[in-house]
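The values are calculated or read from the model by the stated rules, or taken from the named source; none is laboratory data. The model shown is predicted, which means the values in this text are computed figures rather than measured ones. Neighbour counts are summed over all protein chains in view; Cβ atoms, including those assigned to glycine, are modelled from backbone coordinates with ideal geometry.
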Amino acid sequence: MDEDKQLKGALDWQYKPKRTDARLGDEVVSYLTRRGRALTKNATLVDIWEHVVPPTLQPFCRLDKRVGNTLYLQAEPGPYMHQAQMLSSELLEQIKQHAPRCGVQKIRVVPKQENNGNRE
């Protein structure tokens, strides 16, 4: 009995999710309402990516993330990263031309990461 009290005391601090009867469809609509604008902007960037990046650079460079108005690109270290950095202002202008509502104001090129889940 004493062990039960100790176990209960040890587990009392844990987060207990609220029980709700929300429907999945309502949750999806709520999420899309909150995040729809960002999803649209990012989807537009993905859609135009192949049109703005030169075909010779595409296998060695990929979209990474977007933080605020900064778009991060991953590039293979060495000549491909240098080429991506040299083209970054031209890429930015083409992105602004093809997708002016995306709001990208800066491009940063970072080394390509091989161990980042299923992002390939």
Some residue of region 70-87 being surrounded by fewer than 10 Cβ atoms within 10 Å (Cβ to Cβ) and free of Cβ contacts under 8 Å to residues at least 12 places away in the same chain: no
Wholly enclosed strands (runs of 3 or more DSSP E) of region 52-120 bearing at least 3 residues β-branched (Val, Ile, Thr): 106-111
Selected residue (criterion: surrounded by the most Cβ atoms within 10 Å (Cβ to Cβ)) from residues of region 95-110 that are within 16 Å of the chain's Cα centre (by Cα) and either modelled with pLDDT under 95 or under 16 Å from Val52 (Cα atoms) (or both): Val109
